[in-house]
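Trainee: Shown below is the structure under consideration.
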Amino acid sequence: MSKSLNNQVFPQDVMAKSGADILRLWVMTTDYWEDQRLGQNVIQTNIDAYRKLRNTIRWMLGTLAHDAGDEVALADMPELERLMLHRLRELDGVVNTGYDNFDFKRIAHHLLDFMVTDLSAFYFDIRKDALYCDAPSSLRRKAALQVVRMIFDRVVTWLAPMLPFTMEEAWLERYPQARSVHLEQFRECPEDWRDEKLAAKWKKVRRVRRVVTGALEIERREKRIGSSLESAPVVHITDAELMAALEGLDLAEICITSQIEVLAGEAPAGAFTLDEVSGVGVVHKPAQGQKCARSWRILPEVGSDPDYPELSLRDAAAMRELDAQG
């Protein structure tokens, strides 16, 4: 037996296969037109990239264990889910063109960036709350599970030619009745998933989110909060386009805070700002109310449901539905 990259115990053959895929990852991300260096730093960089990739797939597998196979029409999906489908459509072109041109480096870089930046640090981070705490009947939860399923099926088959052992392991864990991921075709990404207007809007939303998360990181570093859910920041915005992009969205959900207030106008002196995101300033305020025992959000409404006095109204409704199902 041996320790794996994530400190779990795996047999030696699994470790050997993981090591082989790490080597393949290095080869696939190498510019082989140039002389290459190989040392401890290069090896560690590829180990870290592989670990992040593998952990993202493991998270999807854990999430999909709760997938009932529900289908939500594209038009009925929340914007965040439609944004992820747009990204899949963009990547579909990159992957297919890359394989046609034997440009493995381009495929690997785009997919790694997608999994680390778009999925782990953004989409999954936001959607954990809905996946864990929304009621089974929640359209948001059903749509999220469906999109995670779509992402998994495409990313694993796309990466299979480059990381054959890891993707085979993941595929057979998800589909134990399957023979091999290497007998699967790449999944289609329909043209109607493409939504450039939505993507442009969410670039603005993510710019605002960067400022909020930057402000929260300082609060954590100074030990004024332990979790972003302890915060209810006030966001001051002077950029009209950024304000318009936030219309109809729950910025507290997107920034993973319990509450949030968005105000048009100049931020007061001392507000947190980022040079690269002009027109946005954030002032930290502690969240007011009691902590929900289920979602950990701090809200004034916690305790207002007599049947579930320790929960927020959303979580109380979810528990009521779960209890009714027995």
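Trainee: Name the residues whose placed amide hydrogens come within less than 5 Å of the amide hydrogen of residue 298, ignoring near sequence neighbours (fewer than 5 apart) on the same chain.
Mentor: Amide H neighbours of residue 298: 258, 292.
Trainee: Hey, another quick one. Let me confirm the definition first: pairs of Lys residues in the chain, 8 or more apart or on different chains, C-alpha distance under 17 Å. How many are there?
Mentor: Taking the Cα cut-off of 17 Å, the pair count is 5.
Trainee: Which of 208, 72 comes first, and how do the rest follow, when ranked by fewest Cβ neighbours within 10 Å?
Mentor: The order, fewest Cβ neighbours first, is 72, 208.
Trainee: Sticking with this one: Run the paramagnetic zone check for residue 58: 7 angstrom along Cα to Cβ, then residues of the stretch 161-189 with backbone nitrogen under 11 Å.
Mentor: none
Trainee: Note down the relative contact order for the chain as a percent, whole number, built from C-alpha pairs under 8 angstrom at least six residues apart.
Mentor: Result for the chain is 15 percent.
Trainee: If you restrict to DSSP beta bridges whose two residues both lie in the chain, what percentage is antiparallel, to the nearest 5?
Mentor: 75 percent
Trainee: Additional query: Tilt of helix 104-113 relative to the longest C-alpha principal axis of the chain, in degrees (0 to 90, nearest 10)?
Mentor: 20 degrees
Trainee: I've got another one for you. What residues have an amide H closer than 5 Å to that of residue 263, excluding those fewer than 5 places away on the same chain, when H is modeled at 1.01 Å from N in the peptide plane?
Mentor: When sequence neighbours closer than 5 places are left aside, the close amide H contacts are 235, 236, 237.
Trainee: Right, here's the next one. With θ taken as phi - 60° and the coefficients 6.51, -1.76 and 1.60, list the Karplus ³J(HN,Hα) couplings across the stretch 268-277 in order, rounded to whole Hz; mark glycine and proline as x.
Mentor: x, 4, x, 5, 6, 9, 10, 4, 7, 10
Trainee: I'd like the Karplus ³J(HN,Hα) series for the stretch 198-203: coefficients 6.51, -1.76, 1.60, θ = phi - 60°, whole numbers in Hz, and an x wherever there's a Gly or Pro.
Mentor: Karplus values, whole Hz, x for Gly and Pro: 5, 4, 5, 4, 6, 4.
Trainee: For an R0 of 22 angstrom, estimate the FRET efficiency from the Cβ-Cβ distance between residue 135 and residue 288 and round to the nearest 0.05.
Mentor: Once the sixth-power term is evaluated, E becomes 0.30.
Trainee: Right, here's the next one. So what are the ³J(HN,Hα) numbers for the stretch 142-152, from phi and the Karplus equation (6.51, -1.76, 1.60; θ = phi - 60°), rounded to whole Hz, Gly and Pro as x?
Mentor: The phi angles translate into 4, 5, 5, 4, 5, 5, 4, 4, 5, 5, 4 Hz.
Trainee: Further, regarding this structure: Report, to the nearest 10°, how far helix 12-28 tilts away from the longest principal axis of the Cα atoms in the chain, using its own Cα long axis and a range of 0 to 90°.
Mentor: 90 degrees
Trainee: Can I ask one more? Can you give the extra length, in nm with one decimal, that the chain gains between residue 99 and residue 323 once fully stretched, where that is 0.36 nm per residue apart less the Cα-Cα distance?
Mentor: Computed gain between residue 99 and residue 323 is 75.7 nm.
Trainee: Okay, moving on. Whole angstrom only: what separates the Cα centroid of the stretch 76-92 from the Cα centroid of the stretch 121-169?
Mentor: Their Cα centres are 12 Å away from one another.
Trainee: I'd like the orientation of helix 164-174 relative to the chain: the angle between its Cα long axis and the longest Cα principal axis, in ° from 0 to 90, rounded to 10.
Mentor: 50 degrees
Trainee: Regarding the stretch 229-318, what is the average projected area of its C-alpha convex hull, in nm²?
Mentor: Averaged projected area of the stretch 229-318's Cα convex hull equals 6.4 nm².
Trainee: To continue, here is another question. How far apart, in nm, are the 7 Å Cα→Cβ label points at residue 275 and residue 109?
Mentor: Rounded to a tenth, the inter-label distance reads 2.5 nm.
Trainee: Next question, about the same structure. Please list, ordered by chain and number, the residues whose modelled amide H lies under 5 Å from the amide H of residue 287; skip anything fewer than 5 residues away on the same chain.
Mentor: 231, 232
Every read-out reported here was derived from the displayed coordinates using simple, explicitly stated rules and does not represent laboratory data. Please read these numbers as outputs of a predicted model, since none were measured by experiment. Note: ideal-geometry Cβ built from the backbone for every residue, glycine included; neighbour counts use all protein chains shown.
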